[in-house]
Each structure stands twice: as C-alpha cells, then as structure tokens.
Amino acid sequence: MAEHDRSAALDSAAGPVRSLLSVRGLEVHFPIKQGLVFDRTVGHVRAVDGVDLEIPQGQTYGLVGESGCGKSTLGRAVLRLEEPTAGEVIFDGEDIAKLKAEPLRKMRRRMQMVFQDPLASLNPRQSVQSLLIEPLRVHGLAVADRAQFGADSSASHLAKVVSMLELVGLPRAALAKYPHEFSGGQRQRIGIARAMILNPDLVIADEPVSALDVSVQAQVINLLERLQDLLGLTYIVIAHDLAVVRHISDTIGVMYLGRLVEEAPSDALYERPLHPYTIALMSAIPIPDPVVEDRRERILLKGDLPSPANPPSGCRFHTRCPFRQPTRCDTDEPALRELTQVAPGRRVACHYAEEILSGEVRVRDADLLIEPVR
Amino acid sequence: MTALDPAQSARPASLSALMGDGMSDEQGTSLWRGAFERLSRNPAAIIGTLIVLAFVLVAIFAPLLAPYEPAKSQWIDQVTPSDVPGPSPGHPLGLDPFGSDLLTQLIYGARQSLIIGVVSTAIGLLGGALLGGVAGAFGGRVDTFVMRLVDIMLSIPSLLLAVSVAAVMGPRPGAIMIAIAAAQVPVFARLLRGSMLAQRGQDYVLASFSLGLRRRTVVMSHVVPNSLGPVIVQATLTLATAIIEVAALSYLGLGASDPAIAEWGRMLVKAQDRLQTDPQLMLLPGLCIAVTALGFTLFGEALREALDPKSRR
C-alpha cells in the first residue's frame, strides 16, 4: 500500500511519529432533492469524493483549494459534523465514522473545531464565562488539568477558564462580557479558547483568519502556533489563503472538486508544485517585487469549477488543465500516487507529473501563458 | 508574512496587557440589556410603554379608580328611549343606555380587555410555540406533518376561525379566549419554527454539537432562547389584535355572556342605535380600543427594532 510506504518514509525522516488521524476513502455526498409533494433524489453533490490522508501527531496539515472544492465539508466530516457517505476516519485507532451517538459525544472532547466567522460561532446570548464553562460542564476537566486545578468542579472550572483566557491573551475582565462587545480578533481568541479548553488532541481550523483584518491575522496565526507548541496539538488548517497555510503547515494537501490532487511537505510544494492545478494556483500568487513579478511566467486558469454534482470524466481537472494531453486525461482518472522516483514523499494525482517536472509536457496553448514582460 | 512578530507570541502577559484596553468596565452588556437601553432612547417606545402601563394600571386598580359600582343600572329611570343623559357633575361622561355610569363602565372594560387579551395571547403563544417548537426541533417528517396542519389552520381567515370556535363552544366564560387563541396558534407556530430553522443553520449551533453537547441541550439552551425574540415581539403585537378581536366578537354577540361585566365591544353594540342622538356612547369605547391597540403596537414595533441585530449600535 502506498500509505504504508509513505508513513515509513516519514518515520525514517523524523523519528517514530504516530499517526493520529488517518482518513481512508472518505466520501460525503449530498442528495439533490426535487418534487412538489414527495421528495425524490435526482442526483448527488459529491462534495468529498474519495479522500485519503494521514496526519502524524503534533503536525499541521494545511488544506487548500478554491471555494466549493469540498475542503470545509472534509473538515466537518472528519469531526462527523457532517455524516460521511462512505469511508473511514480513524482517530487514534477508532473509526469515528462508525461510532454510535454516545461514544461519539464523549470522543468529541478530543477533537475540536475553530470556525471561520467568530461572531456567528459564538452564541450571542452567552457571556464569555458561560461560553467557556459549558464544554467543561459537559465533559469535566481533562485528567491532565484535574491535578492542576483541583477536584472541586465549579471552582476548578473557573480557574481553568481564567487560565485559558490568559493563554489566548484576553483579560479577566472579558469573562462577564458578550461576544458582540469584542473586536474580530478578540472574538476569534474566544473561539480558540473554547476549542482548546477541553485539551483536545486534534483541532480543525476552518478558515480561522479569513474573516479577520490582515493586521490581526498574523496575531491569531501566531497564537495557534504557540498553543500547538504548548499543548502538543495536531492541526488541520483549512484555508484559501496560500500564504497563511504555508506559514503554519508541515504538509499541504491541495483539493480540487472533492479530491486531493497533490500532497507535499509545505516548502517543497511552494518551491516546485507538480500538479497542473497547483502550478496554476502558485503562479497566481503575486510577488511583491515588480522586477521579479514582471519576469516570471504566469499561467491563466480559465473557466469555473465544474459542478460537483456532475464531475468531468477522467481527470477532474482536464476541463481547465493548461497541460492537458489528448485522450488519456479525459478518459482515465489518475490516482493520487507517490512519485517515488523523482520526488519521494510527495503524492500527485496527474498522469503526466513526471513529464511536467522534467519539462517534456508543456502548456499546450500560448493563450494560457502570460509571458514575462521584457 | 513578514509581519509575524515572534516576540509577541512568546509573551502572553504583555499580549493580555495589549488586549486589555477598552475593557475597563467589569460588567458586560447582554442582548436584552442592550435592547432595553435602545428602547429607552426611542420616543415611540416611550409613548407605547406609557399607554400600555396606563391601561394595565387602570385595569388592575379599576375598583379604586371608578366612581361607582359597575353595571348596577341605578339611574335607569333617567334613560328614555330618545335620550341618554350626557355629562353632569355626578357623571363626568354621562350614563350608558342601561343607566350605569359610563366612566365606570369604561374603566371596568379595560379590565375585561386586558384579561381576555393576555390570556388568549398566552394560550395562543403556548399552543403555537409547542407546535412550532416540535416542528423546529425535530425537523424532517414531524416538521412536514405539523406545518401542513398549521397551513390548514392558516388557510381559514382568522376572524372566521375565531367566530366558528366561539359558536361551537357556546356561551361559556372561556370560549372567547380560546376562540381568539385558536386564530393565533398558526402565526406563532410558523414564526417560532422559521426562527428556529434559521438559528439551527448558524455556526454556533454546529459549534455546540462539536463541543459534544447533547441534542436536547443544544435545542433547549441555544436554539430556543435565540429564536424567541421575534415571537415575543409578535406576542405584543398580537395583544393589540386580540383586544380588537374581543371587541369584534362581542359586537357579533359571541362575547362574554354575562351582561353585568363591562366590555368595550359590547358597549359599542349597545350604543349603535343611539349613534345619532348620543354619539359619545360609541366614540368613547371605540377610542379606548383604538388607543390601547395603538399602545401595544407602538411598543411591539419598538421592541422589534431593539431586538433586531441590524439596528444594534
């Protein structure tokens, strides 16, 4: 199995790393209903359509892709906030996708989520204190915290809340306040505090900074990194901002139309993207240096994301691919395979990845290429 | 990402000092407290509240305020088929067609309107909230079934529904309240269900689930409290309508059967044939109904504005 080879490669590179989460063949399909009186299902939106990934403990996995590619749905399906249609989500040896309601509820302590819109994700009628104590009431303090904060539940809950506030950089005075009284960055800190207060192992951050001012984004990203070091967290960071993901991630997965098209260590991905979609995405990042910006070659991505209810045959990207080759691309669906020969440790879903890397396959149409300004 | 400052992430204490500004007061402003503050700055709300307050006070303290006992017909000998005595020193608004003091009847009428209005709206709210809450909490087939039931109720004009219920129940004391409540149930049901559906799609509900809260807790302590705002506003507005409907049903002869109980709607009916000779008999109860309804409407509208998140400053 390719997965086994890959984790073996990771093991040799960074010592023995335990895989905390492994997702296998995950699918989330939403039925499209129609009908006046009786609903009948006329099709499915394949939001997530067969994703495999492996996340070692303590690492950050960045998930990128344009809106509608299924990255948020994937994140929610991992936490089972969305029911997976098929596949396995193995978290610390247990299949989340098959857990019954009560064990799942208990398991939720260990997997938390940070939401995109901090205001919408906080109940407007709850004060910060009540927001942060609620999860503790439901699950109780984690074993690790009990030693520190004592066994008396309400006093130790409050002590834990105060220390958590301190940790995310909010004053004690925030306790009695309500979400609408804070700024965007402060609200996201509250959201982060709520996710972290249960001492989770895995935190999925769904666009954690895209609703924030640029000046605050860096602070929140730094906070997430600091908490990771402090609490030994494993992150999945979902974002469309490639700069944010690069800064925080160890490994990056690029999604297109419900599937992973490329997965690589973050620096390697930015240095040399291999999948045509990733290449196009990277070339869309402007470089803040007019001289370099003018000299580089850019690739235009034409058209919109095809409908996930009716994905294209063959390679899902072939309708927009600037490197498309005749016949094979629109008939055979490429598997996400590791390029053991040319780029070990990287997985790409493209028939011609090696040829693109070596330069044998080039952009087929001159219109799609923006030549450097001379 | 050169803006990232590693020094900042290393010092949580300095960071908390940094975030501390602008949070000097220890007490937060909750949603309802904010709404109350906005209400107290709104002139329409103040007028509405004053009218409602006056109405409630008059209704409660009717025995103290009224100059005479109600519906005693002590002065029936002064009433002739062609003339009802007008204002005089003993009777500031004159007599009614049955020889009772008109002012006394009006004051006691407020009591009747308040009781019927509040009780019927409470019953309607309870019934509607129950139906809407069940539909909103369970969704799916339960939702479809309950809402079709509500649609059927809604397809009957509300006054017609009230009239039919009152007619079927006969001249029982509670009949008019049930009749008015029956017409309100579908409105409240739809409102609460829609409001709950909107809240259920919010991120904070998803967040509650991801924190591991039980479904029951999520619905009862997160979804329902956040959905009640529009329902409460509707209840104050419905109170105004209920008072008018009480008058309408009494006018149609379906109101409280005991003629000794003063009631504005019935006063209108009895004054009908004397409209030309003694218009005050009709105008005064009519005015009472109109002003009270206006008061509740103003208050309800102001409450709606105060609770609307978009008007929050």
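What follows is calculated from the coordinates using simple rules that are stated; it is not laboratory data. This one's a predicted model, so the numbers in the text were calculated from it and none came from an experiment. Reconstructed Cβ throughout: ideal geometry from the backbone, glycine too, with neighbour counts over all protein chains shown.
Computed from phi, the 3J(HN,Hα) profile of segment A:319-332 under the Karplus parametrisation 6.51, -1.76, 1.60 (θ = phi - 60°) reads 5, 10, 6, x, 9, 4, 10, x, 6, 4, 5, 9, 10, 9 Hz, with x in place of Gly and Pro.
Rounding to the nearest 10 and keeping the result within 0 to 90°, find how far the Cα-based axis of helix B:102-138 lies from the longest principal axis of chain B. The helix B:102-138 is inclined about 40 degrees to chain B. Counting Cβ atoms of other protein chains within 10 Å of each residue's Cβ and taking the mean over peptide A:184-195 gives 1.
Sorting A:Arg105, B:Arg214 from the fewest to the most surrounding beta carbons within 10 angstrom yields B:Arg214, A:Arg105. Only helices enter this figure: runs of n ≥ 4 DSSP H residues, each worth -39500 (n - 2.57), summed and divided by the residues of the protein assembly as shown, yield -15500 deg cm²/dmol at 222 nm to the nearest 500. In this structure, the amide hydrogen of B:Leu95, modeled 1.01 Å from its nitrogen in the peptide plane, lies closer than 5 angstrom to those of B:Leu102, counting only residues at least 5 positions away or on a different chain. Counting beta carbons within 10 Å around each of A:Ser210, B:Ser88 and listing the fewest first gives the order B:Ser88, A:Ser210.
Using the Karplus relation 6.51 cos²θ - 1.76 cosθ + 1.60 with θ = phi - 60°, the per-residue 3J(HN,Hα) values for segment B:178-186 come to 4, 4, 5, 4, 4, 6, 8, 3, x Hz, with x marking Gly and Pro. In chain B, a dipole from Cβ-located charges (positive for Lys and Arg, negative for Asp and Glu) runs towards its positive end, and of B:Gly253, B:Phe209, B:Gly94 it is B:Phe209 whose Cα lies farthest in that direction.
With respect to chain A, whose longest principal axis is taken over its alpha-carbon atoms, helix A:2-14 is tilted by about 60°. What FRET efficiency would be calculated for the residue pair A:Val162, A:Arg137, taking the C-beta separation as r and a Förster radius of 22 Å, to the nearest 0.05? My answer for the efficiency is 0.90.
Overall dimensions of the protein assembly as shown, expressed as equivalent-ellipsoid semi-axes from the Cα gyration tensor (√(5λ), whole Å, largest first), are 67, 29, 23. Taking a ≥ b ≥ c as the square roots of the eigenvalues of the Cα gyration tensor of segment A:272-370, is the shape rounded (a/c under 1.5), prolate (a/b larger than b/c) or oblate? Oblate shape, in that a/c is at least 1.5 and b/c is the bigger or equal ratio. Got a sec? Charge dipole of chain A, +1 on Cβ for Lys and Arg, -1 for Asp and Glu; which of A:Asn222, A:Gln34, A:Met282 is way out at the positive end? Sorting the options by dipole projection puts first A:Gln34. Compared with the alpha-carbon gap, the fully stretched path from B:Gln280 to B:Leu294 is longer by 3.0 nm at 0.36 nm per residue. The HN-Hα couplings worked out from phi for segment A:241-251 by the Karplus form 6.51 cos²θ - 1.76 cosθ + 1.60 (θ = phi - 60°) are 8, 5, 5, 4, 5, 4, 5, 9, 8, 8, 10 Hz, whole numbers, x standing for Gly and Pro.
Using 0.36 nm per residue of separation minus the Cα-Cα distance, give me the extension gain between B:Val142 and B:Leu57 in nm, one decimal.
On the way: separation 85, 0.36 × 85 = 30.60 nm, distance 4.32 nm.
That works out to 26.3 nm of additional length.
Is the shape of segment A:241-286 best called rounded, prolate or oblate, per the rule: a/c under 1.5 gives rounded, else a/b larger than b/c gives prolate, else oblate, with a ≥ b ≥ c the square roots of the Cα gyration tensor eigenvalues? Rounded is the answer for segment A:241-286, as its axis ratio a/c remains below 1.5.
Using Cβ contacts closer than 10 Å as the measure, can you line up A:Asp241, A:Asp229 from fewest to most? Don't skip to the end; give the middle numbers.
Details: A:Asp241 16, A:Asp229 10.
Neighbour counts put them in this order, fewest first: A:Asp229, A:Asp241.
In terms of the Cα gyration tensor, with a ≥ b ≥ c the square roots of its eigenvalues, is chain A rounded because a/c is under 1.5, prolate because a/b exceeds b/c, or oblate? Walk me through the intermediate numbers first.
Details: a/c = 1.80, a/b = 1.60, b/c = 1.12.
Taking the square roots of the gyration eigenvalues as a ≥ b ≥ c, chain A is prolate.
This model, with +1 at the C-beta of Lys and Arg and -1 at the C-beta of Asp and Glu, gives chain B a dipole about its Cα centre of some 1180 debye. Proximity of backbone amide H atoms, modeled 1.01 Å from N, is registered between A:Ala205 and A:Val114, A:Ile236, A:Val237, A:Ile238 at under 5 Å, excluding neighbours fewer than 5 places apart on the same chain. Find which of B:Phe145, A:Pro334, B:Ile47 sits farthest along the positive direction of the dipole of the protein assembly as shown, computed with +1 on the beta-carbon of Lys and Arg, -1 on that of Asp and Glu, about the Cα centre. Sorting the options by dipole projection puts first B:Phe145.
Can you pull the one-decimal nm distance between simple spin-label points at A:Asp332 and A:Ser67, each 7 Å off the Cα toward Cβ? Output for this residue pair reads 3.7 nm. Label point of A:Arg18 set 7 angstrom out along Cα-Cβ; within segment A:222-260, amide nitrogens under 19 Å from it belong to A:228-236.
The H on the amide N of A:Val261, modeled in the peptide plane, is under 5 Å from the matching H of A:Val254, A:Met255, A:Tyr256, each at least 5 residues off or on a different chain. Relative to the Cα centre, the charge distribution of segment A:2-263, modelled as +1 at Lys and Arg Cβ and -1 at Asp and Glu Cβ, gives a dipole magnitude of about 980 debye. Note on A:Ile370 and A:Gln34: the model spin-label points, each 7 Å out from Cα along the C-beta direction, lie 4.0 nm apart. Counting Cβ atoms of other protein chains within 10 Å of each residue's Cβ and taking the mean over peptide B:199-209 gives 6. Between B:Ala122 and B:Met169, the distance separating the two model label sites (each 7 Å from Cα on the Cα→Cβ line) works out to 1.4 nm.
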